[in-house]
Amino acid sequence: MPVNMALATYSDYAFHAAVGIYLLAMVLHLGEYARTRTPVALATVGADVGAEVGAEVGAEVGTAGPGTDAAGTGPTGPDRQTRSLPERFGRMGVALTILGALVHIGSVVIRGIAVERWPWGNMYEFISAAGLMAVLAWLYLLRRNHSLRPLGAFLLLPVEILLFLAGSALYVKPAPVMPALQSYWLTIHVTAVSLASGLLMVAGVASVLFLLRKHGVGGTWLDALPSADTLDRAAYRVTIFAFPLYTFAIICGAIWAEAAWGRFWGWDPKETVAFVVWVVYACYLHARATAGWRAGGAAWINVFGFAAVLFNLFFINLVTTGLHSYAGLG
C-alpha cells in the first residue's frame, strides 16, 4: 500500500511540536514546584526567629502547598497575588500539557492515515503511543485529584526522555508493516500493551516519589509533593486498572502467535519477559493487600515492575534475537 509522505511529514512536525510543548509544560511545573518549596524553607527559618514571622510565612505555605485545588480556592489577603504565583505556573503547565496531548494525538492520527494502518508497528510509533497514554492517564488523575499536580514535572521528565529517543535514535520512516504484522491483532494487542505501559509509567513514577517521600530522601525538596499516602494510593489505583489490560494484551498476543506461528506460547525472549512482568505486578497487587508490605515493600515491587517494562521495551527489542525482535514492537 502506498505511503502519503506529505501527511507523514506533517505527523513528524506534530510529534516534534508535542515534544517541545511538553518540555515547556515541564518547565512550568518545575516553576510551580520551586515556588511552592520556597515558602516551606522560609517557614522553617521563621519558626526559629519568632512566632510572628513564622505565622506570616506559615500562612503563605498554607495557600501555596500541594493541597491548593485547581480552582485556586483558598484564603484571601493582601499577599494573595504572591501566594497564587505557583498556582498560575501550575495552571499554565496543565494547559500546555493538554495542548501537547492534543497535538500528540494529531501526530498519531495523521501517521496512521499516512501509512493506512494502525500506527504502532515499530518502536518509534509504539513509544509515541505509550507516552501519549501516560500523559492522558495523568491528566485524568489530575481531574480526579488536584493535589497531584506537582507530580506533573516528574512524569513529564521520563515521557520527554522516551519521546526524544523515539524521535531520534529509534525513528523509523513511515512504511507498511511486514506481512506477519498485517493483522487486526496488531490493533488489539499492541493498543492494549501501549495503554498498559503508559499507565504503568504513571504508577512507577508515583511509587518512586512515594518511597522518596516516605524515607525523606532529599530533605525539604520533597515537601511540595503530595503526601506519601496520596502517592501510594495513586500508584495502586492506576496499577489496578493497568494490570487487567496487560493481562488482556498477553492473552491477545498468545492468540495472535497461534495464528501467525502455529503455537500459543514458545518462551520467546519477549514472551518470557512479558510473563515475568505480569508476575511482578501480580506480586505487587498481592503485597499491597498484605499487612506488613503496604508500608513500602509493595512500592519497591512496583518500581521493579516498571524497570522490567523498560527492560522488555529496550533490551529485548534491540539486543536479543527472537520472533519479536524484527518487529520493534513494545
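Coordinate-derived values only; no laboratory data. This one's a predicted model, so the numbers in the text were calculated from it and none came from an experiment. Backbone-built Cβ (ideal geometry, glycine too); neighbour counts: all protein chains shown.
How big is the dipole moment of the range 157-286 about its Cα centre under a simple scheme where the beta carbon of each Lys and Arg is +1, that of each Asp and Glu is -1, and everything else is neutral? Debye, nearest 20, please.
Values: 7 positive and 7 negative charges, 7 e Å.
That gives a dipole near 40 debye.
At a 10 Å Cβ-Cβ cut-off, how would you order Trp120, Trp278, fewest neighbours first?
Ascending Cβ contact count within 10 Å gives the list Trp278, Trp120.
How would you order 155-163, 248-256 from highest to lowest mean count of nearby Cβ atoms within 10 Å?
Ranked by mean Cβ neighbours within 10 Å, highest first: 155-163, 248-256.
Roughly how far apart, in whole Å, are the Cα centres of the range 85-112 and the range 201-243?
First find each Cα centre; the distance between them is then 23 Å.
Ranking Glu87, Glu258 by Cβ neighbours within 10 Å, fewest first, what do you get?
Fewest-to-most Cβ neighbours within 10 Å comes out as Glu258, Glu87.
What list do you get for Leu28, Leu222 if you sort them by fewest beta carbons within 10 Å? Walk me through the intermediate numbers first.
Details: Leu28 23, Leu222 18.
Taking fewest neighbouring Cβ atoms as first place, the list is Leu222, Leu28.
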